[in-house]
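Below is one structure; the comments refer to it alone.
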Ligand SMILES: [Zn+2]
């Protein structure tokens, strides 16, 4: 069984121990899916990370820079060190950014002065990377930040003279897809056709965003995104029966199901092998891999719907949530009628996420 996608490519976070445990989807364990993401912050301790996890040559490995997490006093050296590691191991890499988010999982917004300061620091890092590239095979993407219209357009314009192979947006985690719609609509309006190359959407991407990402993906050469969604099930010991509608079963250690001989209600390669809840829950990564498979099925459906037609994609978006459908309508409207008209028409929606900025911590 192999998953191939056309418009949106999910890059699940790679845990190196999955390969040792025989659960690496990129290596045809259970099923085959040759995409993944690793942060330099976790991977850089292995010089030849790709080799170590036996990642296929024709797969797509995205390497985040580790940004803020690994910022040290020797940051110039650090940035080049990270670039070399990305060049050795990855197919797509993200520039070293100083995120203007207050906490690293995506919450909180810096005040305006701090935002501009982090933008300036990021600009210097992007320029160091631009000047020091040695491997043209690596697609290096410029990370764009900004949780509201003012911030996003400021960052976009400041980075305009940084020449990279594509862009990466980093919306704050939210079930409201209008923030990502603003960013995608703005990019589609501003980027020339030949600039619509590689696009990555960093961290988060709940299912409400999938239809808009798929639609935007039609206009880019390769669109990738990451999301912690399948791992949340592992964390809370939830067996996801279906992602849309979201139905889950509790398989926590003290739950009845976790020790039950009942057959698993799923025909995926993972469940076919483990057969019962008891067997699945004994294997630590089985649950992750089943949840990942179910998530890929949802992504697959939305990917294919994009080619069937807008009406069908809108219907699917509506099944996810009213807001998801409305967001997709807005993006389609922007592509057809232009960004300015779309911004005016959906102004209230776009303004909702531009909440009062919270004070950012100084670095
Ligand atoms: Zn399954």
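Assorted remarks:
- Residue match in segment 184-192 (condition: in a helix (DSSP H, G or I), surrounded by 24 or more Cβ atoms within 10 Å (Cβ to Cβ) and at pLDDT 95 or above): yes
- Considering residues of segment 220-243 that are closer than 30 Å to residue 186 by Cα and at pLDDT 90 or above only, the residue surrounded by the fewest Cβ atoms within 10 Å (Cβ to Cβ): 221
- Failed item in (1) buried (at least 21 other Cβ atoms within 10 Å of the Cβ); (2) on the phi < 0 side of the Ramachandran plot, with residue 116 passing the rest: (1)
- Residue within segment 162-175 that is under 23 Å from residue 316 (Cα atoms), more than 16 Å from the ligand (Cβ to nearest atom) and surrounded by 22 or more Cβ atoms within 10 Å (Cβ to Cβ) present: yes
- Failed item, numbered, when residue 28 is tested on (1) touching a residue at least 12 places away in the same chain (Cβ under 8 Å); (2) under 25 Å from residue 302 (Cα atoms): (1)
- Among the residues of segment 109-155, just one is more than 20 Å from residue 195 (Cβ to Cβ) and assigned to a strand (DSSP E or B), namely 109.
One line per residue, one yes/no per condition, for (1) within 19 Å of the chain's Cα centre (by Cα); (2) touching a residue at least 60 places away in the same chain (Cβ under 8 Å); (3) within 16 Å of the ligand (Cβ to nearest atom); (4) within 19 Å of residue 244 (Cβ to Cβ):
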{"site": "302", "(1), (2), (3), (4)": "yes, yes, no, yes"}
{"site": "305", "(1), (2), (3), (4)": "no, yes, no, yes"}
{"site": "319", "(1), (2), (3), (4)": "no, yes, no, yes"}
{"site": "337", "(1), (2), (3), (4)": "no, no, no, no"}
{"site": "341", "(1), (2), (3), (4)": "no, no, no, no"}
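- Residue 21 fulfils the conditions (1) in contact (Cβ under 8 Å) with a residue 60 or more places away in the chain; (2) buried (at least 20 other Cβ atoms within 10 Å of the Cβ) except for a single criterion, (2).
- Single residue of segment 272-292 satisfying the filter (part of a helix (DSSP H, G or I) and out of contact with any helix residue (DSSP H, G or I) (no Cβ under 6 Å at 6 or more places or on another chain)) that is nearest to the ligand (Cβ to nearest atom): 272
- Selection count, segment 252-271, where residues are near the ligand (Cβ under 10 Å from one of its atoms), more than 20 Å from residue 13 (Cβ to Cβ) and surrounded by 13 or more Cβ atoms within 10 Å (Cβ to Cβ): 4
- The residues of segment 141-161 include none that are surrounded by fewer than 20 Cβ atoms within 10 Å (Cβ to Cβ), within 23 Å of residue 82 (Cβ to Cβ) and modelled with pLDDT under 95.
- Here residue 228 fulfils each of the conditions (1) within 16 Å of the ligand (Cβ to nearest atom); (2) in contact (Cβ under 8 Å) with a residue 40 or more places away in the chain apart from (1).
The values are calculated or read from the model by the stated rules, or taken from the named source; none is laboratory data. Model, not experiment: these values are computed from the prediction. Positions of Cβ are generated from backbone atoms using ideal geometry, with glycine treated the same way; all protein chains shown enter the neighbour counts.
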